[in-house]
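*Asks:* Below: one structure in structure tokens.
The values are calculated or read from the model by the stated rules, or taken from the named source; none is laboratory data. Predicted model only: the values in this text are computed from it and were never measured. Every residue, glycine as well, gets a Cβ built from its backbone with ideal geometry; the counts of neighbours run over all protein chains shown. Just so you know, the surface numbers come from the protein's heavy atoms only, side chains and all, with ligands and any DNA or RNA stripped out. Shrake-Rupley method; radii C 1.70, N 1.55, O 1.52, S 1.80 Å.
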Amino acid sequence: MSSNYPHLLQPLDLGFTQLRNRVVMGSMHTGLEDRFYNYGKLAAYFAERARGGVGLMITGGISPNRQGWLLPFGGTMNRFGDVLNHRRITHAVHREGGKILMQILHAGRYGFHPFVVSASAVKSPISKFKPRAMTDKEILSTIEDYAHTARLAQLAGYDGVEIMGSEGYLLNQFICRRVNQRTDRWGGSLENRMRLPVEVVRAVRKRVGEHFIIGYRLSLLDLVEGGNTWEEIVVIAKALEAAGITLLNTGIGWHEARIPTIVTSVPRAAFRSVTARIRKELRIPVVASNRINMPEDAEQIIADGEADLVSMARPLLADPEWVNKAASGETERINTCIACNQGCLDQTFSGKRATCLVNPRAGFETEIVYLKARKPKKIAVVGAGMAGLSAATVAAERGHDVTLFEASSDIGGQFTMAMNVPGKEEFHETIRYFRAQVKHTGVKLVLNTTVSKDMLQDFEAVIVATGVKPRIPALPGKEHAKVMTYAEVLKGEKVPGKKVAVVGAGGIGVDMCEFLLHEHHQPVDHWSAQWGVDLTSGTEGGLIESYRPSIRREVVLLQRKEGKMGSGPGKTTGWAHRLSLLQYGVRMMAGVEYLSVDDQGLHVMHEGQQKTLDVDSVILCAGQESVREIATEPPSNWVVVGGARFAGELDARRAIKEGAEAAIRI
Ligand code: NAP
Ligand code: SF4
């Protein structure tokens with residue numbers, strides 16, 4: 001056992017099997033599960049994490065039947081042919097000394113296809129298709145399907161299954177009055193509502209025998225109206241334990257809940273107290289989850305007796321070596337998940353393969369490979385923003401001799417501005433990671449140096465990653481003292497007044513509003529009060545009245561386009577940004593034409609009228625332009641990456657990926 005994080009890294013004896021430590025890689029849909037020809041890639045993805053030391057992994061959701069699909073033709077396990085695919089995963093994981101469960105997920109009314117079924121014919125607010133209420137016969141055959149799928153998973157070599165019973169999927173739909181309006185033996189009283197999950201567990205246990213892990217992910221906080229109370233949740237958890245589950249995993253919030261539960265603005269380990277309460281009620285091990293991303297928190301949760309295991313899905317996407325690095329005392333080198341969702345869930349929900357903003361290899365383990373260079377070269381990387389850091393560290397990891405030039409006094413580029421936005425504190429971790437990685441890989445970092453072409457003559461290859469600068473729109477009065485760029489504000493060079501107009505409602509405009517309105521580092525109790533969350537689940541679903549925050553500034557957010565605004569670019573995070581801005585009273589004006597700025601404020605045309613916004617400050621968040629003066633005519637051994645190559649739609653994900661890809665090609 002490691003002397004670092006001794007509680008987290010101690011084995012767990014489940015009686016018939018042992019887990020090598022308390023780290024669980026929670027289930028996360030990668031998109032690879034849905035096509036049989038991707039199972040080789042999925043096997044490589046899990047094998048890399050098993051090699052990285054994870055104690056127990058859980059696959060993305062696999063449906064027990066067609067009705068349970070998340071997407072048409074989504075991953076299903078109900079024929080012997082499926083077993084052969086899955087064996088590729090289990091063999092790869094076992095070869096690396098890991099253990100893996102297959103998650104059985106019946107999406108119920110969350111399925112995106114016309115065959116959706118549920119407890120009752122109640123459509124979800126986030127779904128396209130209205131479900132059909134299941135008949136008694138269908139419910140019985142679904143129980144049989146779960147048992148059959150679990151048995152096939154056993155034949156495929158899995159160490160167990162996790163039954164997905166939270167986040168508002170089918171079993172959660174049966175358990176809660178919100179969807180279950182039945183009057184037969186599957187609805188009404190709690191005993192009836194929980195009959196389906198309990199019968200599923202009984203049937204699975206009967207089919208797989210005693211020596212097979214059955215995890216159950218139970219919603220401990222529904223965060224929707226018509227959710228369960230704490231008393232009900234305890235009764236359900238005990239019934240599942242009696243029915244034969246081995247582990248209980250924590251689920252927080254239905255997908256349709258309008259309270260963020262995993263985005264970066266949710267405080268770290270915000271829900272640990274919820275898991276701690278259920279642990280006191282049960283004899284089986286329980287798993288804590290949501291917004292746990294670094295070993296300190298994970299260790300503390302186990303040491304404090306709040307959980308027996310800690311589940312992290314995205315953090316292990318970000319760094320497959322997370323456990324090994326923690327064990328060897330190299331915590332500084334953990335590539336921390338910053339809970340942005342940009343590389344993973346935003347991709348999944350756009351029908352694309354999940355990857356990771358900070359780790360472009362995630363999900364692409366067989367395609368993006370950092371092989372040792374056959375002939376090490378002398379390489380210069382110009383610019384130590386995300387693209388330059390990624391390029392330099394990957395090139396050095398491959399054995400090249402890398403010098404990284406940066407004009408300013410520190411690394412990080414645009415990212416160092418983003419990390420000043422309240423709710424984006426996690427971004428500090430990426431800078432810390434790259435700082436450690438620069439040192440570890442032997443990159444020679446040269447700060448405070450603006451390089452000229454002449455200085456780069458001796459290098460065999462040059463990667464230009466000089467980034468972007470704010471776009472200054474052609475706005476009459478743009479020289480007025482009221483006008484400032486987002487960069488000047490986020491760097492602390494200029495301080496906006498009490499009444500502010502934000503010009504441009506893209507990702508940076510939305511971030512700017514958060515910066516103008518919020519404090520840094522919300523403690524858990526402030527966060528739960530702001531969003532109306534009762535962590536003790538004293539009410540149905542754990543919902544309480546949210547408190548109106550005090551307003552630090554009057555902010556108006558503007559854009560020229562018509563349409564809904566305030567969400568920023570994130571598909572899975574945008575709604576939370578918009579709600580947050582509305583809570584803070586941000587006024588949103590779409591379809592404006594900017595006229596000028598003067599002592600009176602910002603003059604605009606809006607809805608056919610000329611209006612003057614009486615503001616103290618006008619902050620320009622109107623996009624960016626490339627900085628690439630050094631590379632206007634790049635020689636053939638130069639490559640330009642990231643924002644310097646193309647400023648439009650630049651984000652850290654593209655920057656890091658392009659940097660890594662350039663380093664692979666050298
Ligand atoms: P952006 O998303 O392209 O938004 C630029 C905004 O400026 C738009 O609202 C645009 O709207 C406006 N604009 C463009 N040209 C203008 C002009 N000449 N005059 C006035 N307004 C103008 O860019 P960004 O906000 O600068 O963000 C840069 C990148 O970082 C984006 O790719 C973004 O996705 C990424 N980012 C992501 C996050 C995140 O949380 N995921 C956060 C921040 C940034 P109109 O043209 O309608 O006025
Ligand atoms: Fe974490 Fe963002 Fe990577 Fe997803 S994309 S795993 S949220 S860092």
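*Asks:* Got at least one residue in the range 578-588 being within 11 Å of ligand 1 (Cβ to nearest atom) and either assigned to a loop (DSSP other than H, G, I, E, B) or buried (at least 17 other Cβ atoms within 10 Å of the Cβ) (or both)?
*Replies:* The answer is no; no qualifying residue exists.
*Asks:* Sticking with this one: Given the conditions (1) open to solvent by less than 10 Å² (accessible area, probe 1.4 Å); (2) touching a Ser or Thr at 6+ places or on another chain (Cβ under 7 Å); (3) modelled with pLDDT of 95 or more, report the number of the one that S27 does not fulfil.
*Replies:* For S27, the exception is condition (1).
*Asks:* Also, quick follow-up: Based on this model, can you work out whether A647 counts as under 28 Å from the mean Cα position of the chain (by Cα), among the small types (G, A, S), surrounded by fewer than 21 Cβ atoms within 10 Å (Cβ to Cβ) and at pLDDT below 95?
*Replies:* yes
*Asks:* With respect to the numbered conditions (1) assigned to a loop (DSSP other than H, G, I, E, B); (2) surrounded by fewer than 21 Cβ atoms within 10 Å (Cβ to Cβ), which one is the sole condition not fulfilled by R653?
*Replies:* Going through (1) assigned to a loop (DSSP other than H, G, I, E, B); (2) surrounded by fewer than 21 Cβ atoms within 10 Å (Cβ to Cβ) one by one, R653 breaks only (1).
*Asks:* Please find, among G343, G383, G363, the residue that is touching a residue at least 24 places away in the same chain (Cβ under 8 Å) and within 16 Å of ligand 1 (Cβ to nearest atom).
*Replies:* Selected residue: G343, the only one of G343, G383, G363 that is touching a residue at least 24 places away in the same chain (Cβ under 8 Å) and within 16 Å of ligand 1 (Cβ to nearest atom).
*Asks:* Could you tell me whether any residue of the range 435-447 is without any contact (Cβ under 8 Å) to a residue 40 or more places away in the chain and among the β-branched types (V, I, T)?
*Replies:* Within the range 435-447 (the criterion being without any contact (Cβ under 8 Å) to a residue 40 or more places away in the chain and among the β-branched types (V, I, T)), the answer is no, since none of the residues qualifies.
*Asks:* Let me spell it out: the conditions are (1) open to solvent by 10 Å² or more (accessible area, probe 1.4 Å); (2) within 16 Å of ligand 2 (Cβ to nearest atom); (3) of a type outside the set (D, E, K, R), and M605 meets all of them except one. Which number is the exception?
*Replies:* All conditions pass for M605, except number (2).
*Asks:* So, one more: Got a sec? Which of T59, T17 is β-branched (V, I, T), assigned by TED's automatic domain parsing to the domain that holds E306 and open to solvent by 10 Å² or more (accessible area, probe 1.4 Å)?
*Replies:* Working: T59 fails: open to solvent by 10 Å² or more (accessible area, probe 1.4 Å).
Only one candidate qualifies: T17.
*Asks:* Scan the range 503-534 for residues that are touching a residue at least 24 places away in the same chain (Cβ under 8 Å), more than 27 Å from Y594 (Cα to Cα) and out of contact with any Gly (no Cβ under 7 Å at 6 or more places or on another chain) and jot them down.
*Replies:* Across the range 503-534, the qualifying residues are E519, H520, H521, Q522, P523, V524, W527, S528, Q530, W531, G532.
*Asks:* Still on this model: Determine if the range 395-409 includes at least one residue that is more than 16 Å from ligand 1 (Cβ to nearest atom), open to solvent by 10 Å² or more (accessible area, probe 1.4 Å), assigned to a loop (DSSP other than H, G, I, E, B) and over 24 Å from R654 (Cβ atoms).
*Replies:* Yes; the residues of the range 395-409 include at least one that is more than 16 Å from ligand 1 (Cβ to nearest atom), open to solvent by 10 Å² or more (accessible area, probe 1.4 Å), assigned to a loop (DSSP other than H, G, I, E, B) and over 24 Å from R654 (Cβ atoms).
*Asks:* So, one more: So how many residues does the range 433-452 have that are within 27 Å of the chain's Cα centre (by Cα) and either open to solvent by 40 Å² or more (accessible area, probe 1.4 Å) or at pLDDT below 95 (or both)?
*Replies:* 2
*Asks:* Looking at the range 80-118 only, could you name the residues that are open to solvent by 50 Å² or more (accessible area, probe 1.4 Å) and farther than 19 Å from D159 by Cα?
*Replies:* F112, P114, F115
*Asks:* Still on this structure: Looking at (1) touching a Pro at 6+ places or on another chain (Cβ under 6 Å); (2) open to solvent by 40 Å² or more (accessible area, probe 1.4 Å), which one does A622 not meet, given that it meets all the others?
*Replies:* Here A622 meets the rest and fails (2).
*Asks:* Just to verify a result, which residue in the range 266-297, among those that are among the polar types (S, T, N, Q) and either open to solvent by 10 Å² or more (accessible area, probe 1.4 Å) or on the phi > 0 side of the Ramachandran plot (or both), is farthest from the chain's Cα centre (by Cα)?
*Replies:* By that ranking, first place goes to S273.
*Asks:* Give the residues of the range 330-354 that are farther than 19 Å from R435 by Cβ, near ligand 2 (Cβ under 7 Å from one of its atoms) and either out of contact with any Pro (no Cβ under 9 Å at 6 or more places or on another chain) or open to solvent by less than 20 Å² (accessible area, probe 1.4 Å) (or both), sorted by residue number.
*Replies:* Of all residues in the range 330-354, those farther than 19 Å from R435 by Cβ come to 339-354.
Restricting the remaining residues to those that are near ligand 2 (Cβ under 7 Å from one of its atoms) gives 339-345.
Passing the criteria: A339, C340, N341, G343, C344, L345.
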